[in-house]
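> Structure incoming, see below.
The values are calculated or read from the model by the stated rules, or taken from the named source; none is laboratory data. Because the structure is a prediction, the values reported are computed rather than measured. Areas reflect the complete protein model, heavy atoms only, side chains present, ligands, DNA and RNA absent. Shrake-Rupley method; radii C 1.70, N 1.55, O 1.52, S 1.80 Å.
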Amino acid sequence: MTQRSELRTLALRTLIPGFTGTSAPPWALDLLAEGLGGYCLFAYNIAEARQLTELNASLRQASPDAIIAIDEEGGDVTRLHTATGSPYPGNAALGAVDDPELTAAIHQSIGSELVQAGLNLNFAPAVDVNVEDDNPVIGTRSFGRDPQVVARHAVAAVTGLQRAGIAACAKHFPGHGATAVDSHLAVPTVDVPLNVLRERELVPFAAVIAAGVQVIMSGHIRVPELTGEDPSTLSAAAMTGLLRDDLGFDGVIVTDAMEMQGASGALGLPEAVVQALIAGCDLVCTGGETQKAGPMVGAINAIADAICDAVTDGRLPLSRLEAAVARGDALRAWQAERSDSTANRSLGLTAARRAMQLEGNFPTCPRR
């Protein structure tokens with residue numbers, strides 16, 4: 001019989017929460033030493049380059065194999081360059097240029113910056129096919145509305161990041177591009193037949209799986225024909241049936257932030273995390289908003305207790321929890337073939353110039 005302490009260690013190993021501040025609070029380091037999976041960093045954790053490197057070094061001192069993740073997409077979504085704006089254009093601009101080699105080079109440069117700062121997982125690229133004009137959450141984060149364009153740039157971005165030595169994460173499975181609702185606020189619905197999903201949303205995911213992407217992030221998106229009333233994150237049909245069994249992905253499935261209303265609004269955070277693990281997710285993000293209300297340690301302990309209780313009462317098979325931990329550990333052990341490349345921010349200006357498009361008639365300006 002597995003002891004409660006052993007279950008707690010397994011439970012903690014699946015969690016990637018956040019914390020506020022530019023240095024790790026003592027409780028955050030204590031949880032890492034106890035076995036916590038790692039942390040996701042946000043803009044409020046970053047003051048400048050040296051501080052970020054020192055912060056990550058302190059996390060690694062507490063747990064040498066900790067996963068330290070960040071959302072660094074370029075364009076509108078940046079953590080490293082919040083104060084100044086990203087030096088790299090976002091996916092929409094890269095899709096407009098439609099030069100996969102440029103996309104790979106941009107993401108290799110992003111990856112190099114992250115590796116130099118001590119990070120090892122980037123929650124990028126977004127590979128959603130943005131077919132909804134009024135999409136409130138994806139928009140310019142997408143490479144475009146053509147599945148084939150999105151697929152080839154998704155592969156290029158993953159290749160660039162992982163060439164730099166950082167694990168890439170394709171998101172938001174099974175696709176957030178056809179939604180008109182922000183999953184931070186409610187559960188978006190993509191009410192299309194599965195054959196449409198396969199011909200549109202799933203094309204980029206199949207491509208990055210074939211290209212060896214290390215991580216795929218679930219989206220809190222309801223697809224009635226696939227997930228019924230549940231968001232995909234909590235759906236075994238989506239996470240295990242479609243992503244694992246059908247598309248053949250054997251890497252790590254990480255959740256989008258579980259405090260989002262689309263995931264836990266109706267259930268509460270601990271129960272939603274349990275259901276995500278049951279569905280087939282391996283790592284669970286609980287960062288972004290929860291820790292702003294106070295120290296995250298109480299929420300982490302409540303989640304760990306709920307996971308342990310679910311194993312004890314048989315709802316969450318021990319083998320499923322152990323498999324989740326094993327995949328996370330495989331990610332920790334993953335070593336990319338690191339190149340000698342360094343960050344090249346001038347690529348961002350080159351890409352931005354190539355992406356510029358003018359529409360309409362403009363008078364000729366006199367030379368000065």
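> Output needed: percent of Cα pairs per 5 Å distance bin for segment 167-238, bins running from 0 to the one holding the longest distance.
Over segment 167-238, the share of Cα pairs per 5 Å bin runs 3, 18, 27, 27, 17, 8, 1 percent.
> Ok, one more. Share of the chain's accessible area from carbon and sulfur, percent, 1.4 Å?
Carbon plus sulfur share of accessible area: 51 percent.
> May I ask for the distance between the Cα centers of segment 1-36 and segment 172-192, given as a whole number of Å?
So the two Cα centres are separated by 31 Å.
> Follow-up question, since we're still on this one. Could you report the accessible area of Tyr88 in Å², rounded to 10, computed with a 1.4 Å probe on the protein chains as they sit in the structure?
10 Å²
> Relative contact order for segment 41-180: what is it in percent, counting Cα pairs under 8 Å that are at least 6 residues apart?
The normalised contact order for segment 41-180 reaches 27 percent.
> For the chain, what is the accessible area per residue in Å², given a 1.4 Å probe and the full set of protein chains?
41 Å²
> Same structure again: If every alpha-carbon in the chain counts as one equal scatterer, what log10 I(q)/I(0) does Debye give at q = 0.14 1/Å?
Cα-only, vacuum Debye calculation for the chain: -1.16.
> A further question follows. If you wrap segment 12-71's Cα atoms in a convex hull and average its projection over all directions, what's the area in nm²? All intermediate terms of the calculation are to be shown ahead of the outcome.
Details: hull surface 14.2 nm².
The number I arrive at for segment 12-71 is 3.6 nm².
> May I pose another question? Of Leu318, Leu59, Leu243, which is the most mobile in a GNM of the chain whose springs link Cα atoms less than 10 angstrom apart?
Most flexible of the set in this elastic network: Leu318.
> Still on this structure, I have one more. In square angstrom, rounded to the nearest 10, how much accessible surface does His184 have for a 1.4 Å probe?
Counting only protein heavy atoms, His184 exposes about 90 Å² to solvent.
> Across 5 Å bins from the origin, how do the percents of Cα pairs in segment 145-185 run, short distances first?
Here the calculated profile for segment 145-185 is 5, 18, 23, 21, 15, 12, 5, 0.
> Run the helix sum for the chain: -39,500 (n - 2.57) per DSSP H stretch of 4+ residues, divided by residue count, reported at 222 nm to the nearest 500 deg cm²/dmol. Can you show the working numbers first?
Values: 14 runs with 152 residues, N = 368.
It lands at -12500 deg cm²/dmol.
> Ok, one more. So what is the relative contact order for the chain, in percent, with contacts set as C-alpha pairs under 8 Å and at least six apart?
Over the chain, the number comes to 19 percent.
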